[in-house]
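Chemist: Here it is, the structure, as structure tokens.
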Amino acid sequence: MTGEPQQPDRVEGAPHPRETLQLIGQGAAEAGFLDAFNSERLHHGWLITGPRGVGKATLAWRIARFLLATPDADAGGGLFGDAPVVPETLDVSEDHPVARRLLAGSDPGLYHITRTVNEKTGRLRDQIVVDDVRRLAGFLGLSAADGGRRVIIIDSADEMNVQAANALLKMLEEPPARTTLLLVSHQPTGLLPTIRSRCRELRLPPLGVDDMAAALAQAGVDAGGADAAAALAALSGGSVGEAVRLTNLGGLEMYRELTQLFAGLPQLDRPRTLKLANAAATRGAEDRLDLLIGLFDLLLARLARTGSLGLPPTPEAAEGESEMMMRLAPNPAQGRAWADCAQSVGVRARHGRAVNLDPAALVLDTMIKIQKTAAGAVR
């Protein structure tokens, strides 16, 4: 939101999850929560898991909005004693007072925990610290509003340090009355087993092509048509957040350029390679360099998969990609060679970044290593 310069739970170029009223492509997870609510089996702790950028935080905010705006089933019927309406969706009108308060960050029934700014350094912490969790005591000590329900969102739970995780565990072991905790987690295996065991899991899968296009449109991101949306779905692994990052940094164009470079292998187009390397080496282009290295990894993984399965991945992420992959990875043996190459290139690239190797030299070195592997496929 405007006036909040540091928001660790927001993808740059996309709305904050609290601003996204609709969740696309995750109907099964929504139905699972709604079924628990309607059957009066509402668990006090929910672990919302899945890959980054598939809508976990958006679901957490939708659940929070729903819980704070919806009366309990045992609150009684209408004026004439009729049965209460059983909700069929998590939708809450954007004009509802709860929706307006959550958007403004002023609803007394919601507490949001994410990484905070270190007052001593003025920089965003890389962890959720124990004080962030301990402040919940003040929130829980207040009189609950709107029917007595309170909701806590932790985004992401993976970022809690050990002390913060232990403080949260105590709360899960002795849950406050009428309080629901929503833990967003990208890698739940990294959480304390005791935290996982005390939560019910809602797992969100990657988005398909159609859902990706709809989600990007909702976020106000111009994907560039159906083909581009399909390519973004392929390269992002079905993550809307990653698709937004790819769009912001010109990832589709970068991947197309890589595909064309690979199409010429084992002959290496040095001028074109140097042009790509220099574009990633310009001042302030660290994000583009990191993206380029990630796209190298992704392309090599897709080559390895092509050799292993005998078929290229679908959909194509760039024109001519399938033909190039079938030529460079014609059999399982070459697929294994590309898998080995991916591992070697990844290690070299990470080392190069760690020691601040010249970006142009790093990209050129990577392509030379790839050229040698391609020579084994095309004789």
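Okay, residues lined up against (1) under 27 Å from Q218 (Cα atoms); (2) open to solvent by 50 Å² or more (accessible area, probe 1.4 Å); (3) at pLDDT 90 or above:
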{"site": "N278", "(1), (2), (3)": "no, yes, no"}
{"site": "R302", "(1), (2), (3)": "no, no, yes"}
{"site": "S308", "(1), (2), (3)": "no, yes, yes"}
{"site": "M324", "(1), (2), (3)": "no, no, yes"}
{"site": "P330", "(1), (2), (3)": "no, yes, yes"}
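Chemist: Here is a list of conditions, (1) hydrophobic (A, V, I, L, M, F, W, C); (2) open to solvent by less than 60 Å² (accessible area, probe 1.4 Å); (3) free of Cβ contacts under 8 Å to residues at least 12 places away in the same chain, and A337 meets all of them except one; can you say which number that is?
Modeler: (3)
Chemist: Same structure again: What pairs come out if I take residues in region 281-309 that are of a type in the set (D, E, K, R) and pair them with residues that are assigned to a helix (DSSP H, G or I) whose C-beta lies under 7 Å away, six or more apart or interchain?
Modeler: Final answer for the pair search is R288/A280; D297/A342; D297/G346; R302/M325.
Chemist: Quick one: in region 84-109, which of the residues that are of a type in the set (A, V, I, L, M, F, W, C) and closer than 16 Å to T20 by Cβ is surrounded by the fewest Cβ atoms within 10 Å (Cβ to Cβ)? Break it down into steps so the answer makes sense when it comes.
Modeler: Start the filter on region 84-109 by keeping residues that are of a type in the set (A, V, I, L, M, F, W, C), which leaves 85-86, 90, 92, 98-99, 102-104.
Next, only the ones that are closer than 16 Å to T20 by Cβ stay: 90, 92, 98-99, 102-104.
Details: L90: 22, V92: 20, V98: 21, A99: 19, L102: 23, L103: 17, A104: 10.
Out of the qualifying residues, it is A104.
Chemist: Does L265 satisfy the condition of being buried (at least 16 other Cβ atoms within 10 Å of the Cβ) and within 24 Å of V244 (Cβ to Cβ)? Lay out the reasoning, then the answer.
Modeler: Details: buried (at least 16 other Cβ atoms within 10 Å of the Cβ): yes; within 24 Å of V244 (Cβ to Cβ): no.
The answer is no for L265.
Chemist: Among the residues of region 129-136, are any at positive phi and either without any contact (Cβ under 8 Å) to a residue 60 or more places away in the chain or open to solvent by less than 30 Å² (accessible area, probe 1.4 Å) (or both)? Outline the logic, then answer.
Modeler: Taking region 129-136 and keeping what is at positive phi, we get none.
Taking every residue of region 129-136 in turn, none turns out to be at positive phi and either without any contact (Cβ under 8 Å) to a residue 60 or more places away in the chain or open to solvent by less than 30 Å² (accessible area, probe 1.4 Å) (or both).
Chemist: Given the criteria farther than 18 Å from R245 by Cα, at pLDDT 90 or above, in contact with a Leu (Cβ under 7 Å, 6 or more places away or on another chain) and open to solvent by less than 20 Å² (accessible area, probe 1.4 Å), does L47 qualify? Step through it out loud before you land on a result.
Modeler: On the way: farther than 18 Å from R245 by Cα: yes; at pLDDT 90 or above: yes; in contact with a Leu (Cβ under 7 Å, 6 or more places away or on another chain): yes; open to solvent by less than 20 Å² (accessible area, probe 1.4 Å): yes.
Yes, satisfied.
Chemist: Which residue is farthest from A229 (Cα to Cα), if the candidates are limited to region 179-195 and must be open to solvent by 20 Å² or more (accessible area, probe 1.4 Å) and either at pLDDT below 95 or in contact with a helix residue (DSSP H, G or I) (Cβ under 9 Å, 6 or more places away or on another chain) (or both)? Spell out the reasoning first.
Modeler: Just the residues of region 179-195 that are open to solvent by 20 Å² or more (accessible area, probe 1.4 Å), to begin with: 186-190, 192-194.
Next cut, either at pLDDT below 95 or in contact with a helix residue (DSSP H, G or I) (Cβ under 9 Å, 6 or more places away or on another chain) (or both) only: 186-190, 192, 194.
Values: H186: 23, Q187: 26, P188: 29, T189: 31, G190: 32, L192: 37, T194: 40 Å.
The residue in question is T194.
Chemist: While we're looking at this one, here's another question. So, in region 196-213, of the ones that are touching a residue at least 60 places away in the same chain (Cβ under 8 Å) and within 16 Å of A165 (Cβ to Cβ), which residue ends up least open to solvent (accessible area, probe 1.4 Å)?
Modeler: Filtering region 196-213 for residues that are touching a residue at least 60 places away in the same chain (Cβ under 8 Å) and within 16 Å of A165 (Cβ to Cβ), the one least open to solvent (accessible area, probe 1.4 Å) comes out as C199.
Chemist: Looking only at helices (runs of 4 or more DSSP H) that lie completely in region 189-286, which have at least 2 residues being touching a strand residue (DSSP E or B) at 6+ places or on another chain (Cβ under 9 Å)? Give the steps one after another, and end with the answer.
Modeler: Numbers: elements: 193-197, 209-218, 226-236, 240-248, 251-263, 270-281.
Here the list reads 193-197.
Chemist: May I ask you to verify whether A318 is more than 21 Å from L252 (Cα to Cα) and crowded, with 21+ Cβ neighbours inside 10 Å? Steps first, please.
Modeler: Numbers: more than 21 Å from L252 (Cα to Cα): no; crowded, with 21+ Cβ neighbours inside 10 Å: yes.
When the stated conditions are applied, A318 does not pass them.
Chemist: Name, by its number, the condition in (1) among the charged types (D, E, K, R); (2) surrounded by 15 or more Cβ atoms within 10 Å (Cβ to Cβ); (3) at pLDDT 95 or above that does not hold for R353.
Modeler: Against the list (1) among the charged types (D, E, K, R); (2) surrounded by 15 or more Cβ atoms within 10 Å (Cβ to Cβ); (3) at pLDDT 95 or above, R353 comes up short only on (3).
Chemist: With of a type in the set (D, E, K, R), in contact with a helix residue (DSSP H, G or I) (Cβ under 6 Å, 6 or more places away or on another chain) and open to solvent by 40 Å² or more (accessible area, probe 1.4 Å) as the only criterion, which of D290, D297 stands out? Working first, answer last.
Modeler: Values: D290 fails: in contact with a helix residue (DSSP H, G or I) (Cβ under 6 Å, 6 or more places away or on another chain).
Only one candidate passes the filter, namely D297.
The values are calculated or read from the model by the stated rules, or taken from the named source; none is laboratory data. As the structure is a computational prediction, the values presented were derived from the model and not from experiment. A quick note on method: Cβ atoms are made from the backbone with ideal geometry, for glycine too, and the neighbour counts reach across all protein chains shown. Only protein heavy atoms, including side chains, enter the accessible area calculation; ligands, DNA and RNA are left aside. Shrake-Rupley method; radii C 1.70, N 1.55, O 1.52, S 1.80 Å.
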